[in-house]
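For reference, the structure discussed in these notes is given below.
The values are calculated or read from the model by the stated rules, or taken from the named source; none is laboratory data. Quantities reported herein were computed from a predicted structural model and do not represent experimental measurements. Every residue, glycine among them, receives a Cβ derived from its backbone with ideal geometry; neighbour counts consider all protein chains shown.
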Amino acid sequence: MGAKAALVISSLWLMFVVAGEAAYAQTIQYTVRDIALKSGESTEFADVYFITANCKSILKATPEVEILDGPPGVTAVINATNIVPRTVGCAKPVAGGKLVITAKDIQEQSYTRLVLRINYKTLNGDRQSSANINLALFPPN
């Protein structure tokens, strides 16, 4: 039994070594976050990038965002820029963008869920991630 366990563990270790560089996509938190916007306001919600374990970008294009569920009058866009992914220990800028959420023409106060999908075009193929945001919207004063 011990020999079989050692064989399985060594096989898994070899698989990780042979697999090469791991890729890290992420800047968007996997937990739900809350934001509040008045009509006409925007907020930079997150940095968006896709990198390898050695802090090299593998993006072929700026990531794109789509709203899967959310209130009318709210838009999301990723503005291309270089990002320093400090949260994963990188010190140099990499290709990526800033996710900006905008509330346009809000007539009534509301509290709703915004569901976003981020689409990445990488050297390793297309990838996706998502974000759930609790969004409080307010009309102008």
Worksheet item: Assuming Leu37 fulfils every condition listed in (1) modelled with pLDDT under 95; (2) farther than 18 Å from Ile83 by Cβ apart from one, which condition is it?
Response: (1)
Worksheet item: Which of the residues spanning the range 97-141 are hydroxyl-bearing (Ser, Thr, Tyr) and more than 14 Å from Glu41 (Cβ to Cβ)?
Response: Ser110, Tyr111, Thr112, Tyr120, Thr122, Ser129, Ser130
Worksheet item: Can Thr52 be described as modelled with pLDDT under 95 and either hydroxyl-bearing (Ser, Thr, Tyr) or touching a helix residue (DSSP H, G or I) at 6+ places or on another chain (Cβ under 6 Å) (or both)?
Response: yes
Discussion item. Based on this model, can you work out whether Tyr111 counts as surrounded by 14 or more Cβ atoms within 10 Å (Cβ to Cβ), assigned to a strand (DSSP E or B) and hydroxyl-bearing (Ser, Thr, Tyr)?
Written reply: no
Discussion item. Restricting to the range 87-136, name every residue that is over 23 Å from Lys38 (Cα atoms) and aromatic (Phe, Trp, Tyr).
Written reply: Tyr120
